[in-house]
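The values are calculated or read from the model by the stated rules, or taken from the named source; none is laboratory data. For clarity, every value in this text was computed on a predicted model and none was experimentally measured. Because the Cβ atoms are built from the backbone with ideal geometry, glycine has one as well, and the counts that use them run over all protein chains shown.
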Amino acid sequence: MIRLRVASEGDVPALQTLLRNSWLTVWAPALSFPTVQRFAAEDPAGTYASERWRDFTVADEDRALRGMFHVEGAHLHAIHLDHMARRRGIGSLLMDEAERQIARVHPEATLEVLDFNEGAIAFYRQRNWRVVRAYAGSELGEPVATLEMRKTLRRP
C-alpha cells in the first residue's frame, strides 16, 4: 500500500537514488553527452535531495520510496517517480496531494517542464494544466526549451 508522508532525514539516500535515476532515465536521453557527464560529476540530484529533503513529500510503499514531490508556495518544483513504479497511479496520487497543498493557500499552481518530456506534459494536460509560456531554459548549461504550465485550483 502506498502512503504519502513528509520526508525524513533517513530518506535522503533513497531520495538521491530516486532523483538520479529519474534524471538519467527521462532527461539524459534528450541531452548531450557532455551534459550527462556534467550531471555525473556535479551530482545536482544528490545535492538537491540532501539540501531540500525537509520540503519533500514522498510516496512510501513498505519503506521503499516510489516517488516524491516538492512544492514551494504555488510552484511545483519537482515530481519524480521510481521508473519501476510508473503506471500504478502513484503519479496521480502525488499530484493530487501537491495540488491540494498548493490550493490551501493559492488559487493557481505553476510548474515548469522541459519540452522533450512528452510523457509529463501529457500527464499534466490530462489533469487540466495549460501551457502559458515557452522559453529558452538551461539544464546544466545546455540550452533546452522549457514550458511554463498553470492550473487553476480554486476560485480566488
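Being closer than 21 Å to Phe39 by Cβ and either crowded, with 17+ Cβ neighbours inside 10 Å or touching a Cys at 6+ places or on another chain (Cβ under 7 Å) (or both): is that true of Leu114 here? Yes, satisfied. Of all residues in the range 104-145, which are closer than 25 Å to His83 by Cα and of a type in the set (Phe, Trp, Tyr)? Hits for the range 104-145 are Phe116, Phe123, Tyr124, Trp129. Please specify each residue of the range 128-156 satisfying the condition of being assigned to a loop (DSSP other than H, G, I, E, B) and either more than 20 Å from Val26 (Cα to Cα) or among the aromatic types (Phe, Trp, Tyr) (or both). Answer for the range 128-156, where residues must be assigned to a loop (DSSP other than H, G, I, E, B) and either more than 20 Å from Val26 (Cα to Cα) or among the aromatic types (Phe, Trp, Tyr) (or both): Asn128, Trp129, Leu153, Arg154, Arg155, Pro156. When Ala64 is tested against the conditions (1) under 17 Å from Val113 (Cα atoms); (2) modelled with pLDDT under 95; (3) not charged (D, E, K, R), the lone failure is (1). Among the helices (runs of 4 or more DSSP H) confined to the range 1-112, the ones with at least 1 residues that are closer than 24 Å to Lys151 by Cβ and over 16 Å from the mean Cα position of the chain (by Cα) are located at 90-103. Scanning the range 46-65 for residues that are touching a Leu at 6+ places or on another chain (Cβ under 7 Å) and of a type in the set (Ser, Thr, Tyr) gives Tyr48, Thr57.
For the range 89-107, the set of residues classified as surrounded by 14 or more Cβ atoms within 10 Å (Cβ to Cβ) and free of Cβ contacts under 8 Å to residues at least 60 places away in the same chain consists of Gly91, Met95, Ala98, Glu99, Gln101, Ile102, Ala103, His106, listed by residue number. Checked against (1) of a type outside the set (Asp, Glu); (2) in contact (Cβ under 8 Å) with a residue 60 or more places away in the chain; (3) surrounded by fewer than 16 Cβ atoms within 10 Å (Cβ to Cβ); (4) in contact with a Leu (Cβ under 7 Å, 6 or more places away or on another chain), Met68 meets all criteria but (3).
Return a yes/no flag: does the range 125-132 have any residue that is surrounded by 12 or more Cβ atoms within 10 Å (Cβ to Cβ) and touching a residue at least 40 places away in the same chain (Cβ under 8 Å). No, every residue in the range 125-132 fails to be surrounded by 12 or more Cβ atoms within 10 Å (Cβ to Cβ) and touching a residue at least 40 places away in the same chain (Cβ under 8 Å).
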